[in-house]
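Where a number appears in this text, it was derived from the coordinates with a stated rule and is not lab data. Keep in mind that this is a model prediction, so the values were computed, not measured. Cβ sites come from the backbone with ideal geometry, for glycine too, and all protein chains shown count toward neighbours.
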Amino acid sequence: MDPMDLTAFRVMKQRLQWLGQRQEVLAHNVANADTPQYRPSDLQPFTFRMAMGQEGKMRPATTQAGHLTGTNARGGQDVPTRSDRNFYETSPDGNQVVVEQQMLKIADTGVNYQLVTNLYRRQIGMFKMVLGRG
């Protein structure tokens with residue numbers, strides 16, 4: 001049995017990919033902290049609906065012909081970015097990157113990445129314990 005067939009592992013993988021993409025966007029913001037007229041961006045928040053929408057069609061089991069089949073939630077593969085609209089500072093050249101704010105977001109992303117990797121490690125540890133190898 002491949003653990004990646006389980007929904008929990010797929011969602012953890014998606015979350016790690018989202019966090020990696022967010023880290024790239026935030027690093028791009030910091031790298032352009034001195035670029036005139038640059039506006040920082042961020043990814044859309046990772047939500048449960050986003051995670052389940054990418055899983056494909058989730059339908060309840062139909063054990064009788066009269067049961068309803070449910071609906072299909074669709075989600076795209078690419079994570080859309082959004083422009084930050086809460087600007088506290090704008091430099092004279094029009095740059096709106098606040099490095100301290102970006103660094104806080106980078107630290108938050110790192111903490112969330114560590115959280116998901118710890119959850120992944122715990123799940124694998126439980127599998128090993130069940131199999132008698134832990």
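For the pair Ala8 and Val111, label points projected 7 Å from Cα toward Cβ lie 2.4 nm apart.
Approximating the spin labels as points 7 Å out from Cα along Cα→Cβ, the Met126-to-Thr47 distance works out to 2.7 nm. Close amide H contacts of Ser41 (hydrogens built in the peptide plane, cut-off under 5 Å, sequence separation of 5 or more or a different chain): Asp84. For segment 91-134 versus segment 13-34, the spacing of their alpha-carbon centroids is 12 Å.
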